[in-house]
Amino acid sequence: MNSPIRRILVVNGKGGCGKTTIATNLAVAYACQGTHVALLDNDPQASSTHWASLRDTSLPTVEVVAKHERPNMYQTQTFHHRLPQDTEVVIVDGHSNARGRDLESLLRQTDVILVPMLPSSIDIRAGGHFITELLTHRIYRAAPRPVGVIANRIQPNTETHDKLMHFLGCLDVPVVAQFRDSPVYTDAAESGMGVVDMREVRAARKETAQWKRLITWIDAQSVEQAGTTVATLRMKMKPRAAKRKQGENSSTAAEQ
Ligand SMILES: Nc1ncnc2c1ncn2[C@@H]1O[C@H](COP(=O)(O)OP(=O)(O)O)[C@@H](O)[C@H]1O
Ligand SMILES: [Mg+2]
């Protein structure tokens, strides 16, 4: 059956703000609730792919597709063709240098955008510029879609946290989740896990509510915005001519 596919892009021009951490943990949070989730590793550094290689097969499945990898000469390079048929959610781990055409193609294939941000003045400044760039991007303006900021590595009740929240309050973009600065994230990254997998760890359990909150926000966004299926996505991506046409026509409903 063709189930609606939701495409979530995790992106920020700043490296180290937590894109891979958010993408992998969100994928796990979906997988743990029984959703068929695929993680698309858009970063040439392939951190999500490495994370997946560490993941125990007994844990809920997260399919990982490395965009920059061509598995063998007979397999298509178009990553959409490599998504499992039953995929319900695709999470894209966008890389920090996503600019110009790269950002353009990421935006075309996205229903919901998540922008992780760290609470330092350098990151707040860079994040602000990135969000402005995003909201004024012609592809985005042609078809605006939900954008949520994620405050990452927060230390509640500190001055930097207050500063971040004040800055974020001035943006026209909601803060949809806040994740603590906790070693549990490093532990998860090093074992191919997400914090939602780690039910026996108290610090991980404390984070679970925020992951649920994030999924609730994503799921509350219009299903119509997602408005496509893996099958239609594949069909539309198949012929080269159709693909080229899609590239020219940035605001086609199929791409939004
Ligand atoms: N909430 C967090 N608490 C602690 N460490 C974190 C947290 N989020 C990210 N990190 C760590 O910060 C580093 C950079 O995160 P990463 O997700 O790789 O960033 P990006 O993909 O944006 O470059 C990694 O070592 C990661 O484990
Ligand atoms: Mg990364």
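Nearest 0.05, what FRET efficiency do residue 61 and residue 122 give at R0 = 51 Å with Cβ-Cβ as r? Don't jump to the answer; show the numbers that get you there.
On the way: r = 37 Å, r/R0 = 0.73.
It comes to 0.85.
Amide H contacts under 5 Å for residue 175: 149, restricted to partners 5 or more places along the chain or on a different chain, H placed in the peptide plane at 1.01 Å from N. Run the quick spin-label model on residue 135 and residue 219: label points 7 Å from Cα toward the beta carbon, then report their separation in nm to one decimal. Simple spin-label model gives 2.8 nm for this pair.
Taking 0.36 nm per residue of sequence separation and removing the Cα-Cα distance, the residue 85/residue 102 pair yields an extension gain of 3.6 nm. Annotation: amide H-H contacts under 5 Å for residue 154 (H modelled 1.01 Å from N, sequence separation of 5 or more, or interchain): 179, 180, 181. Across the stretch 116-133, computed HN-Hα scalar couplings (Karplus, 6.51 cos²θ - 1.76 cosθ + 1.60, θ = phi - 60°) run x, 9, 8, x, 10, 5, 5, 5, 4, 5, 4, x, x, 4, 4, 5, 4, 4 Hz from first to last residue, x flagging Gly and Pro.
Of all alpha-carbon pairs in the stretch 110-196, indicate the percentage at a distance above 17 angstrom. Above the 17 Å cut-off, the stretch 110-196 has 52 percent of its Cα pairs.
Every read-out reported here was derived from the displayed coordinates using simple, explicitly stated rules and does not represent laboratory data. No experiment lies behind these values; they were computed from the predicted model shown. Because the Cβ atoms are built from the backbone with ideal geometry, glycine has one as well, and the counts that use them run over all protein chains shown.
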